[in-house]
Every structure is written in structure tokens, then in C-alpha cells.
1. Order these by the 10 Å Cβ neighbour count, fewest first: E186, E200, E49.
2. Of L125, L170, A154, which is farthest towards the positive pole of the range 113-192's charge dipole, taken about the Cα centre with +1 and -1 on the beta-carbons of Lys, Arg and Asp, Glu respectively?
3. Amide H neighbours of V103 under 5 Å, counting only residues 5+ apart in sequence or on other chains, H built in-plane at 1.01 Å?
4. From the square roots a ≥ b ≥ c of the eigenvalues of the alpha-carbon gyration tensor of the range 50-150, which class results: rounded (a/c under 1.5), prolate (a/b over b/c), or oblate?
5. Which whole-Hz ³J(HN,Hα) couplings does the range 169-177 yield from phi under the Karplus relation 6.51 cos²θ - 1.76 cosθ + 1.60, θ = phi - 60°, glycine and proline marked x?
6. Jot down the radius of gyration and Dmax of the range 86-206, Cα atoms only, both in angstrom.
7. Can you give the translational diffusion coefficient of the range 143-206 in µm²/s, computed by Stokes-Einstein from the Kirkwood radius over Cα pairs at 20 °C and 1.002 mPa s?
8. Just how large is the dipole of the range 57-180 about the Cα centre, in debye to the nearest 20, putting +1 at every Lys and Arg Cβ and -1 at every Asp and Glu Cβ?
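What follows is calculated from the coordinates using simple rules that are stated; it is not laboratory data. All figures in this text were calculated on a predicted structure; none of them were measured in a lab. Counting neighbours? That spans all protein chains shown, and the Cβs are built from the backbone with ideal geometry, glycine included.
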Amino acid sequence: MASTGKRPSSESRETKETKETKELREPQKLDFFAVVHSRFSVRAYQKREVEPDLLRKILEAVNQAPSAGNLQAYEIVVIRDIDRKRALARAALDQNFIAEAPVVLVFLANPRRNQWRYGRRGSDLYCLQDATIACAYAQLAATALGLGSCWVGAFDDRQVLNILHCPQPLRPVAILPIGWPDEPLEHRPRRSLSDLVHYERYEGQG
């Protein structure tokens, strides 16, 4: 007796195969808390590019970061050029691992984007907070995609601005090299919550 079931069309089989292939190629996505606990500073990177679609995912995640008044008072410069990465490494007190990362993001505070609303508070604080939060989002997004990063905050501000051709009053906040880790995960000890967290009032010594 002939089967009455319909054979899947070549189109449906192709769609299924395309979906399965895509799932295999896409990096494994982690639970948020797993991402937080998996993030660590990476200073050694494989000689492997960060694909444009992965970089775009990171940037799209950054674009969702909260900011004062939703004014997003920061800018991001994406660096792939090896000479510019080397210059940034020199400006960052010769932290040469910056140049070894396939892509580097530089986060800049832009007080002009919020000063008109918040005045001195916006230019002195909020734009720095905006850029800082954005960089943290980039780190977590990179981790979720299986990439590693390292927050770099030690650098000569003026040199970084010159390397990136940035006008005043932009201010560099963080340099973030991103790439595929080439070193083992290293968890460093953290303060205990009993030492870190205070309830209702501060009870520490200073």
C-alpha cells in the first residue's frame, strides 16, 4: 500500500539544511550569568580575524547600552590597521598585546552630545559614564560570542586623540582589543559580598 504522506520538497529540505548549517557556524550563545562569570581579561590572541558580522553584533549590543537622557554621549572608533594599532599600543605605555588583537575599539566621551541638557554635570561625568557603560557592554557581547577582550585604561590621552585624529573636546575613556583567546581562562579572586556590599548606609573604614 502506497504511503499517503507527502515527501518533503527540495525547498523545505534546503531550508532545513541551511538552518542547521547556520546553527553550526554561529558561535554558541551563553546565558547572561554564564557570560558574566566567563569574562576575563585576555592579553594573547590567535592570528584569526574577527568576522565583520560578529563585530557588528558587538556594536549593535553596545548601541543598546543605557546612557544619560538616552543621548549616547560617546563615540567608538574601530581599528584594524596594524600601524594604528601599534601606535595605540605605544600610547598605552607599550602594552603591545593591543597591536596583536585583530580589532581594537576605542571609546571616546563626547560632552557636546549632552552638555546642552546637563551642563557641567554632563560634560564632567555623564559622558564618561556613558562611554564606560558602552565599553562594558562590548566586553560582555564579545564574551557571549566566544571572543576575548581586555579593558585598557592606561594611556596618554593626547597621543590617542592624535592617532585617531579626534578633535577637542573628545576624551578617550577606554581602549578595548578584541580577538579569539590564545590563553587559558584565569579567574582572579574577588572581594566577598560581605566586604563589598553595604545596606542602608556605608559601614566601612574609608
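1. So the ranking, lowest neighbour count to highest, is E200, E186, E49.
2. Going by the Cα projections, it comes out as L125.
3. Amide H neighbours of V103, under 5 Å, 5+ apart: I178.
4. Taking the square roots of the gyration eigenvalues as a ≥ b ≥ c, the range 50-150 is oblate.
5. x, 4, 9, x, 10, 7, 10, 10, x
6. Cα only, the range 86-206: 17.2, 48 Å (Rg, Dmax).
7. In µm²/s, the coefficient rounds to 134.
8. Roughly 320 debye for the range 57-180.
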